[in-house]
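Before any comments, here is the structure.
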Amino acid sequence: MTLPEGVPLRLYGRRRGHPLRPRQERLLAETLPRLRFDPSQRPLPDPLWLEVGFGGGEHALAQREAHPEVTLVASEVFENGICSLLSRLVPDGEEASAPLPPRLFLWPQDARDLIAALPDASLSRLFLMFPDPWPKARHAKRRFVHPAMLPVVARVLKPGAEWRIASDDPTYQDWVMETFRDQRHFEQVSCVALRPECWPPTRYEQKALREGRTPFYWVFRRARKKGA
């Protein structure tokens, strides 16, 4: 399936920060291919969860630890963040041989490409934790939460599946509430300013709290109504 008209061509900025060290280069060359998710496999694992933009990987690894029965695909394009997660999984010098955790996969490309490749109703949960807010109005089209993306995401979520979103940016918070208003694909379950216990913390949340920003945490549920 291709992405529909109106979905922006690109959501992310740079793919690499500071130059990679030799250990990081080995992680990308030797460990990452061993964890790469293949969306063409059939049947797909069930339940299957997806995290869009895992940052440093704290949330993804905590979810995997708390839910070993779930297959989790963690998506990220920023190479330094990918290396941060991979470095926690394998010892230095064993990038190509160390055992890897079961039911954890990575998608080092645009998450929307993965979503487009998945069959209908294949995801049981979706996470979007502290995404880049793209605060300038001319960049709003790059936000993952976007009116054109709602039916795209709804297609791959099972009826009743959760989409969890967290953001500390006031502009993005207003954008989320506006985007989910008056649409038929999702029902809002909750919106709170105190992280629920079942939500693992992230470095971005901790930074926001240190700098005096208040994160919001939403749960949206894929509508069960016919035609939604």
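For the reader, a short list of remarks on this structure follows.
- Residues located in segment 172-228, provided they are more than 26 Å from Ala148 (Cα to Cα), within 20 Å of the chain's Cα centre (by Cα), among the hydrophobic types (A, V, I, L, M, F, W, C) and not in a loop (DSSP other than H, G, I, E, B): Ala208
- Of the numbered criteria (1) touching a residue at least 60 places away in the same chain (Cβ under 8 Å); (2) surrounded by 19 or more Cβ atoms within 10 Å (Cβ to Cβ), the one Val73 fails is (1).
- Residues of segment 153-179 classified as open to solvent by less than 30 Å² (accessible area, probe 1.4 Å) and out of contact with any helix residue (DSSP H, G or I) (no Cβ under 8 Å at 6 or more places or on another chain), total: 8
- Taking the listed residues Leu106, Leu128, the one that is at pLDDT 95 or above and either outside any strand (DSSP E or B) or in contact with a helix residue (DSSP H, G or I) (Cβ under 6 Å, 6 or more places away or on another chain) (or both) is Leu106, with no other qualifying.
So that you can scan it fast, the table gives a plain yes or no per residue for (1) open to solvent by 30 Å² or more (accessible area, probe 1.4 Å); (2) farther than 30 Å from Arg181 by Cβ:
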| residue | (1), (2) |
| --- | --- |
| Ala60 | no, no |
| Glu65 | yes, yes |
| Leu86 | no, yes |
| Leu89 | yes, yes |
| Pro102 | yes, yes |
| Pro119 | yes, no |
| Met129 | no, no |
| Ala137 | yes, no |
| Lys141 | yes, no |
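- Search result, residues across segment 155-171 that are β-branched (Val, Ile, Thr) and outside any strand (DSSP E or B): Val156, Thr171
- Qualifying residue in segment 33-44 (condition: among the hydroxyl-bearing types (Ser, Thr, Tyr), part of a helix (DSSP H, G or I) and in contact (Cβ under 8 Å) with a residue 40 or more places away in the chain): no
The values are calculated or read from the model by the stated rules, or taken from the named source; none is laboratory data. None of the values given here were measured: they were computed from a predicted structure. So basically every Cβ, Gly included, is an ideal-geometry build from the backbone, and we count neighbours across all protein chains shown. These accessible areas exclude ligands, DNA and RNA; they are computed on the full protein's heavy atoms, side chains included. Shrake-Rupley method; radii C 1.70, N 1.55, O 1.52, S 1.80 Å.
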